[in-house]
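Peer 1: Next up is a structure, given as structure tokens.
The values are calculated or read from the model by the stated rules, or taken from the named source; none is laboratory data. A quick note: this is a predicted structure, and the numbers were derived from the prediction, not measured. Glycine gets a Cβ as well: all are built from the backbone with ideal geometry, and neighbour counts include every protein chain shown.
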Amino acid sequence: MRIDAHHHLWNYSAEEYGWISDSMPALKHNFTPADLKPLLKKSSLDGCVAVQARSSLQENDFLLEQAKQNPFIKAVVGWVDLTQADAAPTLARYSEHEVFKGIRHILQGETDDAYCLRPDFNRGLSLLHDFGLTYDILIRHHQLPNAIKMVDRHPNQVFILDHLAKPEIKSTTPDPGWVKNIKNLARRGHVFCKISGLVTEVPTGMRWSPDLLRPYFEVALEAFSPQRLMFGSDWPVALLRCNYQDWFQTVSDFTTQLTPSEQQSLFGHNAVRAYGIS
């Protein structure tokens, strides 16, 4: 099974998606499974993982309904307020849905970089393993040290790092601090990583290219190995800089040196394994 491990869906409204600013007109539209399906087919992908874009239980219900109507959506990563004392019943309710595979909190949007170390947040995070749920880590590069501390508190929890922790991409030489932290995080065998979201980390006004991004991929490949990396499109957010096929082809070109088995892992098997997709 070949999988796009990271995409979003929404029926756009300014009220529900306030993070989509006026500088992002390409995203101020509805993006539906009907829009995504032909893109998957063109890239010979069999399915995908729908990831939350709103911090609400309504987002979970919306994505579950999309998955119910579209079987190619193999997994849903939703949101639950893990800081709440009654998080367990809510997690139990959603985990009853076979396609509901994980939780994500938009840590990159928290003003407190140590939010992921809060006792109440970690109490909720400690519940996920019992419900068979993964946790997607959405952070920026400077938050990696705290994320590593969080991961170390939960050695039995499957974590999946989104977008390589959004490195600062200004040249073909990755920041040494980011490289050090990525390698440190990758030493934890219960952490996977998504090759996604890189094009939108290239500064506005600077042209992105495969040559610019290749060194960042190579750092991740060395750190996590082909057995813990997974392809993700970050569609439709990636449309701010490139179309679906361009990003898929870029990652495909990055992996030509890998064996067929390693390519199979990166383009599907690792997502199946991490999320428990059947």
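Peer 1: Of these, Gly78, Gly47, Gly102, which one is touching a residue at least 60 places away in the same chain (Cβ under 8 Å) and either within 19 Å of Tyr12 (Cα to Cα) or within 13 Å of the chain's Cα centre (by Cα) (or both)?
Peer 2: Working: Gly78 fails: touching a residue at least 60 places away in the same chain (Cβ under 8 Å); Gly47 fails: either within 19 Å of Tyr12 (Cα to Cα) or within 13 Å of the chain's Cα centre (by Cα) (or both).
Only one candidate qualifies: Gly102.
Peer 1: Next up: Polar (S, T, N, Q) and surrounded by 14 or more Cβ atoms within 10 Å (Cβ to Cβ): does that describe Gln58? Give the steps one after another, and end with the answer.
Peer 2: On the way: polar (S, T, N, Q): yes; surrounded by 14 or more Cβ atoms within 10 Å (Cβ to Cβ): no.
No, not satisfied.
Peer 1: Being touching a helix residue (DSSP H, G or I) at 6+ places or on another chain (Cβ under 7 Å) and either among the acidic types (Asp, Glu) or under 17 Å from Val158 (Cα atoms) (or both) is the filter here, so list the residues in the stretch 246-278 that pass it.
Peer 2: Selection gives Asp253, Ile277.
Peer 1: Right, here's the next one. Out of all the residues in the stretch 256-278, which are within 23 Å of Pro38 (Cβ to Cβ) and not in a helix (DSSP H, G or I)?
Peer 2: Residue satisfying the conditions is Ile277 alone.
Peer 1: Look at the stretch 211-242 and say how many of its residues are exposed (fewer than 14 other Cβ atoms within 10 Å of the Cβ) and farther than 20 Å from Ser265 by Cβ.
Peer 2: Number of matching residues: 1.
Peer 1: Would you point out which residue out of Val219, Val199 is touching a Pro at 6+ places or on another chain (Cβ under 8 Å) and closer than 23 Å to Ile139 by Cβ?
Peer 2: Details: Val199 fails: touching a Pro at 6+ places or on another chain (Cβ under 8 Å).
From the options Val219, Val199, the qualifying one is Val219.
Peer 1: Quick check on Thr204: is it in contact with a Lys or Arg (Cβ under 6 Å, 6 or more places away or on another chain) and either at pLDDT 95 or above or farther than 15 Å from His163 by Cβ (or both)? Spell out the reasoning first.
Peer 2: On the way: in contact with a Lys or Arg (Cβ under 6 Å, 6 or more places away or on another chain): no; either at pLDDT 95 or above or farther than 15 Å from His163 by Cβ (or both): yes.
Against the criterion (in contact with a Lys or Arg (Cβ under 6 Å, 6 or more places away or on another chain) and either at pLDDT 95 or above or farther than 15 Å from His163 by Cβ (or both)), Thr204 does not qualify.
Peer 1: Of the conditions (1) assigned to a helix (DSSP H, G or I); (2) hydrophobic (A, V, I, L, M, F, W, C); (3) in contact (Cβ under 8 Å) with a residue 40 or more places away in the chain, Phe217 clears all except one; give me its number.
Peer 2: (3)
Peer 1: Consider Phe159 against the criteria (1) in contact with a Ser or Thr (Cβ under 8 Å, 6 or more places away or on another chain); (2) touching a residue at least 40 places away in the same chain (Cβ under 8 Å): it satisfies all of them except one. Which criterion is unmet?
Peer 2: (2)
Peer 1: Against the conditions (1) part of a helix (DSSP H, G or I); (2) under 23 Å from Val77 (Cβ atoms); (3) more than 15 Å from the chain's Cα centre (by Cα), where does Gln249 fall short? Just the number, please.
Peer 2: (2)
Peer 1: Now, a different point. May I ask you to say which residue of Ala14, Ala26 is within 24 Å of Phe231 (Cα to Cα), more than 20 Å from the chain's Cα centre (by Cα) and either assigned to a helix (DSSP H, G or I) or among the aliphatic types (A, V, I, L, M) (or both)?
Peer 2: Working: Ala14 fails: within 24 Å of Phe231 (Cα to Cα).
Being within 24 Å of Phe231 (Cα to Cα), more than 20 Å from the chain's Cα centre (by Cα) and either assigned to a helix (DSSP H, G or I) or among the aliphatic types (A, V, I, L, M) (or both) holds for just one of Ala14, Ala26, which is Ala26.
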